[in-house]
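Values in this text are rule-based calculations from the coordinates and carry no lab data. Remember, it's a predicted structure, so these values are computed and weren't measured experimentally. Cβ: placed from backbone, ideal geometry, glycine included. Neighbour counts: every protein chain shown.
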Amino acid sequence: MVRKEITCVVCPRGCGITVCGEGDRIDSVAGFGCARGKAYAEAEFVCPVRILTGSVRLEGGVEPLLPVRSEKPIPREKVAEAMAQLRTVTAHVPVKMHQVILADAAGTGTAIIASAEA
């Protein structure tokens, strides 16, 4: 059985939540202060996800880099692979806010979009 200590980030309380289980099976959850915190801890235990933020090279703009982010959270184990992909991407002006810069980050099906216009 795996025991994982998780700090909840759903609200400012920052509850220390303990989740015990194995793989996708959760045996117990303790320390949460609300139902949202419990749901967050369960999801973080089974399949942690993150919003990816970063930048890509920008050609033809005033600034050399364009800020980007993932359209939705991606699995944490895919973050490094997605960042490696972003290092190979160059955006070209004009770029609109939320324009797709990379259609499929690390095979997750999640697009990387522009966080600013250029």
Would you check which residues across the range 3-51 are part of a strand (DSSP E or B) and free of Cβ contacts under 8 Å to residues at least 24 places away in the same chain and list them? ARG3, GLU5, THR7, GLY16, THR18, CYS20, GLU22, ARG25, ILE26, SER28, VAL29, ALA30
By residue number, the members of the range 83-113 that are small (Gly, Ala, Ser), touching a strand residue (DSSP E or B) at 6+ places or on another chain (Cβ under 6 Å) and not in a loop (DSSP other than H, G, I, E, B) are ALA91, ALA105
State all residues of the range 17-41 that are surrounded by fewer than 17 Cβ atoms within 10 Å (Cβ to Cβ) and under 21 Å from the mean Cα position of the chain (by Cα); if no residue qualifies, say none. GLY23, ASP24, ARG36, ALA39
Can GLU71 be described as touching a Pro at 6+ places or on another chain (Cβ under 9 Å), acidic (Asp, Glu) and within 24 Å of TYR40 (Cβ to Cβ)? no
Go through the range 44-62 and give me each residue that's surrounded by 14 or more Cβ atoms within 10 Å (Cβ to Cβ) and either among the small types (Gly, Ala, Ser) or more than 23 Å from LYS72 (Cβ to Cβ) (or both). GLY54, SER55, ARG57, LEU58, GLY61
